[in-house]
Amino acid sequence: MSEWTQRKDRGDRTALWLAAVALTVALGVAVIMFSMAWGEATSPPPPQVVSLEQVQEGLTWVADKVRPTVVFIEAEGKPGPQARVPRVPMPDMPDLPEPWKRFFFGPEGPDSGPPDRSPLPPVGQGSGVVIDPAGYIVTNNHVVSEASKVVVRLSNGESYQAEVKGVDKLSDLAVIKIDPKRPLSAAVLGDADKVKVGSFALAVGYPFGGSRMGGRFDEALHFEPTLTLGVISATNRQISSDMPGRPFRNLLQTDAPINPGNSGGPLVNIRGEVIGINQAIFTSGLSMGNIGVGFAIPINSRTKEIIRRLKGGEPVVRGRIGVSIEPVTEPVKHDYGVDHGVFVNEVEEGAPADKAGVKADDVIVQFGDTKVISPDQFVSLVQGTRPGTTVNMKVVRDGKTINLKITVGALEPEQLGQTMPQAPPKKLGLRQRRRPRGDSARGHHLQTGRTAHLRCRRL
């Protein structure tokens, strides 16, 4: 082999070696770049995103747990009085033969109306929540109390006529019963006393009703409930009712969107436990829609006892002493030398308070062993005392503390809508009433979509 040939072979081998090295480097770079790109594409999200996904999964879990327990309620009211619907007056036709007039317009002529008939009964709509697989459902009293017929529709489309087992006007709670083909999914009742402002709250129900309200549901979806999310905005809220001096008290306030049709549906916590029964909303007055202020009846030991009684068809027993009370204002505290209590505005003649010696203008500072700190708390104390129980009560009158023994009476259903009898006017010069001064003496009203806030309470 010649020297030139040897040089050529060495050059070819060098070129091949260099080409192989270059290809290897290029492949290495490609692999590195592909690995980096793949790593970026498949890298796990940051912890913040993971936390949000967990919250999202939790909300979905709550929805899946609660929605099967929520039902749609149609409450058919009683038909109204019979009404005659006149025909539109027709001009007289003197040239038309009388037989033809009778043929076209009837025997009474062209101005006659059809036979008397009753209008269609009104149909109210709301929501409810199953509390027992046997078919017991909790809803609002105002949803079913005036109904002649109640129909319950499940989320799977099945419908049943319901029996009203019990209603309680003072709490606005009711229990109805259906006989389902199979056991129902029942909700878990929680404890609203443990709820804190800022806690998650989810409202479940049928806002604006079903297909009768403009076809909100596709036929295939039957009656699937809606879930909305918010927080507990406040606790121990109060709105007035149609019972003078007996407002709905201790309510939960939430910004979870609640609208007409949600009444009676559950307000649940992040565990899917029912902490309230949706009841009312604050509206702007321009529409019926939600503006972020809704109210729910709290589910706690007191309301669970009410539900238990309603479920069994038992009456709800509450204590009553026959007084009208107001908060004590700063001037009253100064005049009476007290730092707590409730001011007695009126005493019903012959009521337990009257028999025990309670007087108008007294300040009640203690009931039993409990210090009285607010009207709401005092109402709960009295109503939670079994009728017939004798309780020691302390009042402050003319700068002196007086011990009284009062036997608590029973709050009868017929007394809920009654007003406090007006006391006769006091004779001039005998005694000057020291009424609370300032805003609480007049009563401050906070308008809501259903009712208004009222400061004076009766019990």
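The values are calculated or read from the model by the stated rules, or taken from the named source; none is laboratory data. All figures in this text were calculated on a predicted structure; none of them were measured in a lab. No Cβ is skipped: glycine too gets one built from the backbone with ideal geometry, and neighbour counts run over all protein chains shown.
Which condition number in (1) outside any loop (DSSP other than H, G, I, E, B); (2) at pLDDT below 95; (3) crowded, with 21+ Cβ neighbours inside 10 Å; (4) among the hydroxyl-bearing types (Ser, Thr, Tyr) is the one that residue 139 fails? Among (1) outside any loop (DSSP other than H, G, I, E, B); (2) at pLDDT below 95; (3) crowded, with 21+ Cβ neighbours inside 10 Å; (4) among the hydroxyl-bearing types (Ser, Thr, Tyr), residue 139 violates only (2).
Note on the stretch 297-326: residues that are surrounded by fewer than 18 Cβ atoms within 10 Å (Cβ to Cβ), in contact with a Gly (Cβ under 9 Å, 6 or more places away or on another chain) and not charged (D, E, K, R) amount to 3. Farther than 19 Å from residue 294 by Cα, modelled with pLDDT of 95 or more and in a strand (DSSP E or B): is that true of residue 201 in this structure? It is false that residue 201 is farther than 19 Å from residue 294 by Cα, modelled with pLDDT of 95 or more and in a strand (DSSP E or B).
For the stretch 339-359, the set of residues classified as touching a strand residue (DSSP E or B) at 6+ places or on another chain (Cβ under 6 Å), part of a loop (DSSP other than H, G, I, E, B) and crowded, with 18+ Cβ neighbours inside 10 Å consists of 341, 358, listed by residue number.
Of these, 297, 306, which one is in contact with a Ser or Thr (Cβ under 6 Å, 6 or more places away or on another chain), hydrophobic (A, V, I, L, M, F, W, C), in the same structural domain as residue 128 (by TED's automatic domain parsing) and not in a loop (DSSP other than H, G, I, E, B)? Break it down into steps so the answer makes sense when it comes.
Details: 297 fails: in contact with a Ser or Thr (Cβ under 6 Å, 6 or more places away or on another chain).
Just one listed residue meets the conditions, 306.
Of the candidates 177, 169, the single residue that is at pLDDT below 95, over 21 Å from residue 259 (Cβ atoms) and among the basic types (Lys, Arg) is 169. Can you pull out every residue in the stretch 142-152 that is crowded, with 19+ Cβ neighbours inside 10 Å and either in a strand (DSSP E or B) or touching a Phe, Trp or Tyr at 6+ places or on another chain (Cβ under 9 Å) (or both)? If the condition is that a residue be crowded, with 19+ Cβ neighbours inside 10 Å and either in a strand (DSSP E or B) or touching a Phe, Trp or Tyr at 6+ places or on another chain (Cβ under 9 Å) (or both), then 147, 150, 152 are the ones that fit. Here the stretch 226-285 is the region considered, the condition is being at positive phi and either without any contact (Cβ under 8 Å) to a residue 12 or more places away in the chain or outside any strand (DSSP E or B) (or both), and the residue that is nearest to the chain's Cα centre (by Cα) is 264. In the set 332, 391, only one residue is hydrophobic (A, V, I, L, M, F, W, C) and not in a helix (DSSP H, G or I); that residue is 391. Could you say whether any residue in the stretch 405-427 is exposed (fewer than 12 other Cβ atoms within 10 Å of the Cβ) and either at pLDDT 95 or above or assigned by TED's automatic domain parsing to the domain that holds residue 245 (or both)? There is at least one residue in the stretch 405-427 that is exposed (fewer than 12 other Cβ atoms within 10 Å of the Cβ) and either at pLDDT 95 or above or assigned by TED's automatic domain parsing to the domain that holds residue 245 (or both). Taken together, the residues in the stretch 305-328 that are under 16 Å from residue 376 (Cβ atoms) and among the β-branched types (Val, Ile, Thr) amount to 4.
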